[in-house]
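Derivation of every value follows stated rules applied to the coordinates shown; laboratory data play no part. All figures in this text were calculated on a predicted structure; none of them were measured in a lab. Cβ coordinates were reconstructed from backbone atoms using ideal geometry, including for glycine residues, and neighbour counts include every protein chain displayed.
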Amino acid sequence: MDVIELKKEIIEYSKTIGIDKIGFASADPFVELKERLRQQQQLGYQSGFEEPDIEKRTNPSLLLCEAKSIISIALAYPSKMKNAPRSTKEARRGIFCRASWGRDYHDILRERLKKLEDFILAKVPNAKVKSMVDTGELADRAVAERAGIGWSGKNCSIITPEFGSYVYLGEMITTIPFPPDVPIENRCGTCTRCIEACPTGALVQGGQLNSQRCIAFLTQTKGFLADEFRDKIGNRLYGCDTCQTVCPENKGKDFHLHPEMEPDPEVVKPLLKPLLHITNREFKEKFGLISGSWRGKKPIQRNAILALAHYKDKTAIPDLVQLLKEDSRPVIRGTAAWALGKIGDDSVIPVLEQAQQNEKEEEVLREIEKGLQMLYAQRKK
């Protein structure tokens, strides 16, 4: 088997199936990454969504016996939306981050990787392969960096010269010893725009993220959001793009190469008030195909309430009162109570005081008290 010729054939084939960039890396253990991950774990900076076993995240041979190399792929996604609806005073809208535009990228990348697997196994039937996307054990960015797809930016994203950081990543471990590609030189230099722009200070320093403070992570949590983050969420329903949009390497980067990645404006920039009363079935029908729906409707609804509070949208008061009185979920009742304190006036005080009498959940009672204190303070002014 001529692995150099096979590599060329794979690169050519990848272009025909909608892979925008491909790179090859050795399957040696990621020694430096292991130490960084241990440090992140000790500092409590991990999100909890990652593979917990650091050995599996850094040693490809534990995932595929006799692993020799890893193929890394990247697909570019759009950074600009065509015909984006405007958020108006009468009809406020939320936003899903760009990585949740179009069809769920996990499915798109798995389809590309499956085609690549089939092509390779047709050429080398006795080879073994194992593919993964995002939710797999390996760290996508570490693989992509080693394979020369891009460099690891200070914003903790892989930045490619061609597409900026607006790329989805996937990889395939294989028993074929492909010659590795050369990593790309880091071009971040002295720039610290992403660190300075992070709304919550989650970028501790260049290349180090405290996931527990990252808005992208916070929007996916299901409980009450800590007070310090509520005003920082803005109108974000899922994810955060700030550290990407301020990056000079992303200036002018907007690629529309894959029709299935094109956003439906009404899905990724939806009206906020209708979200408050959406049923599970309606939620699945409207949002089920995008990656931002994976945690279900509760985090999205909680974030919609916070967005309405951010806008101080008084037209939402009747909706929030209804949630406070009728919703069975403490997080939604409590967040609605807090939002009423943020948005409302004296007319809301009796509503919160009545809810205080009826409520049994301690966490919700604390939120009602916060709401009342905001309104009492406003009355004094």
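Any chance you could check the Cα centroid distance between region 323-365 and region 228-273 for me, in angstrom?
Computed from Cα coordinates, the inter-centre distance equals 30 Å.
Going by how many other Cβ atoms sit within 10 Å of their own, how do Val129, Val167 line up, fewest first?
Ordered by Cβ neighbours within 10 Å, fewest first: Val129, Val167.
Order of Phe24, Phe119 from fewest to most other C-beta atoms within 10 Å?
Fewest to most other Cβ atoms nearby, the residues stand as Phe119, Phe24.
Spit out the partnerless Cys residues in the chain, using Cβ distances under 4.7 Å as the pairing rule.
Cys65, Cys97, Cys156, Cys188, Cys191, Cys198, Cys214, Cys240, Cys247
Can you give me the C-alpha center-to-center distance between region 144-205 and region 92-109, rounded to a whole angstrom?
20 Å
So for region 39-180, what percent of the C-alpha to C-alpha distances run longer than 23 Å?
45 percent
Relative to the first principal axis of the alpha-carbon coordinates of the chain, what is the inclination of helix 105-123, with its axis defined by its Cα atoms, in degrees from 0 to 90 and to the nearest 10?
It is inclined by approximately 10 degrees.
Could you tell me how many degrees, from 0 to 90 and to the nearest 10, lie between the Cα long axis of helix 297-311 and the main elongation axis, the longest principal axis, of the Cα atoms of the chain?
Approximately 60 degrees, to the nearest 10.
At 222 nm, what helix-only mean residue ellipticity would the chain give, in deg cm²/dmol to the nearest 500, using -39500 (n - 2.57) for each DSSP H run of four or more?
-12000 deg cm²/dmol
Select from region 253-339 those trypsin sites (Lys or Arg not before Pro) which occupy a DSSP coil region and have at most 12 other Cβ atoms within 10 Å, ordered by residue number.
Answer in residue order: Lys312.
May I ask for the angle, rounded to the nearest 10°, between helix 330-343 and the longest principal axis of the chain, with both axes built from Cα atoms and the value confined to 0 to 90°?
Once rounded, one gets 60 degrees.
For Thr192, enumerate residues with amide H under 5 Å from its amide H, sequence gap 5+ or separate chain, H modeled in the peptide plane.
It is none; the list stays empty.
Highest first, please rank the peptides 56-66, 367-377, 5-15 by the mean number of other Cβ atoms sitting within 10 Å of their residues.
The most tightly packed comes first, giving 367-377, 56-66, 5-15.
Taking only C-alpha pairs under 8 Å that are 6+ residues apart, what is the relative contact order of the chain in percent?
Taking the mean separation of contacting Cα pairs over the length of the chain, I get 19 percent.
Pick out which of Asp254, Asp227, Asp104 has the largest mean-square fluctuation in a Gaussian network model of the chain, springs linking Cα atoms closer than 10 Å.
Evaluated over the chain, the most mobile residue of the options is Asp227.
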